[in-house]
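To start, the structure itself, in structure tokens.
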Amino acid sequence: MAALDLRAELDSVLLQLLGDLEELEGKRAVLNARVEEGWLSLAKARYAMGTKSVGPLQYASHMEPQVCLQASEAQEGLQKFKVVRSGVHAPEEVGPREAALRRRKGPTKTPEPQSSEAPRDPLNWFGILVPHSLRQAQASFRDGLQLAADIASLQNRIDWGRSQLRGLQEKLKQLELGAA
């Protein structure tokens, strides 16, 4: 009876693994399409604005990322990747800016430093009225980044499923050798 339960579990893990592999293939195709679409839109923007107008010379001297990749532990120790905006703080990061005490009453007022919570849009480096194709390129690459994080999480789940499958196959082999 244990062999039947083990075979049923092996079948369910194998079906889950095959479903994940199919999903991975689809997401990789979509990622390739988004990246290709992004480069094509960037080429259209260079054509519309001129090759010298869209390039590394227009980059800001100080760049800050708009998004970050966050890794978190899911069930069974699997890592799950998520793209988060840089302006969004985790609950443990939110708190007072200074650790020192401040004077509440008094004649002196100190202006609080201006902090740019929301990072500026990098499209503004290339001018105020940028072509629509440049905005499309930015959107395509953002979608591609989200898909890349999903693919990395899915790949971790597939690797975990493969190890589960191998373990169940070994258990089944040991059980069949013990019964014979």
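The values are calculated or read from the model by the stated rules, or taken from the named source; none is laboratory data. Computed from a predicted structure; not experimentally measured. So basically every Cβ, Gly included, is an ideal-geometry build from the backbone, and we count neighbours across all protein chains shown. Protein only, heavy atoms only, side chains kept; ligands, DNA and RNA dropped before computing areas. Shrake-Rupley method; radii C 1.70, N 1.55, O 1.52, S 1.80 Å.
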Task: Filtered residue count, region 18-54, keeping only those that are under 19 Å from ALA148 (Cα atoms) and touching a helix residue (DSSP H, G or I) at 6+ places or on another chain (Cβ under 7 Å) - done: 12
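Can you tell which of ARG135, ARG162, ARG142 is under 21 Å from VAL30 (Cβ atoms) and more than 14 Å from the chain's Cα centre (by Cα)? Steps first, please.
On the way: ARG162 fails: under 21 Å from VAL30 (Cβ atoms); ARG142 fails: more than 14 Å from the chain's Cα centre (by Cα).
Exactly one residue qualifies, and that residue is ARG135.
Give me the residue from region 45-93 that is assigned to a loop (DSSP other than H, G, I, E, B) and of a type in the set (S, T, N, Q) and, out of that set, modelled with the highest pLDDT. So that I can check it myself, show each step before the final result.
Filtering region 45-93 for residues assigned to a loop (DSSP other than H, G, I, E, B) gives 50-55, 59-66, 74, 78, 86-90.
After this cut, where a residue has to be of a type in the set (S, T, N, Q) as well, the list is 51, 53, 61, 66, 86.
Working: THR51: 80, SER53: 83, SER61: 81, GLN66: 88, SER86: 80.
Top of the filtered list is GLN66.
Please go through region 55-85 and pick out each residue that is among the aliphatic types (A, V, I, L, M), over 12 Å from the mean Cα position of the chain (by Cα) and under 18 Å from ASP150 (Cα atoms). Even if it seems obvious, please write down each step before you answer.
The first filter runs over region 55-85 and keeps only residues among the aliphatic types (A, V, I, L, M), leaving 57, 60, 63, 67, 69, 71, 74, 78, 83-84.
Adding the requirement that they be over 12 Å from the mean Cα position of the chain (by Cα) leaves 57, 60, 63, 74, 78.
Within region 55-85, ALA74, LEU78 meet the criteria.
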Task: Subset of region 130-166 (residues that are part of a helix (DSSP H, G or I) and closer than 11 Å to SER41 by Cβ) - done: HIS132, SER133, LEU134, ARG135, GLN136, ALA137, GLN138, ALA139, SER140, PHE141
Open item on the list: Cβ contacts < 7 Å: first residue closer than 19 Å to ARG135 by Cα, restricted to region 25-40; second residue open to solvent by less than 50 Å² (accessible area, probe 1.4 Å) and not aliphatic (A, V, I, L, M), any location; separation 6+ or different chain. Result?
Closed with: LEU31/GLY144; ARG34/SER140; ARG34/GLY144; VAL35/GLY144; GLU37/SER140; GLY38/SER140; GLY38/GLY144
Open item on the list: Taking the condition of being aliphatic (A, V, I, L, M), open to solvent by 40 Å² or more (accessible area, probe 1.4 Å) and either touching a helix residue (DSSP H, G or I) at 6+ places or on another chain (Cβ under 9 Å) or at pLDDT 85 or above (or both), how many residues in region 116-137 meet it?
Closed with: 2
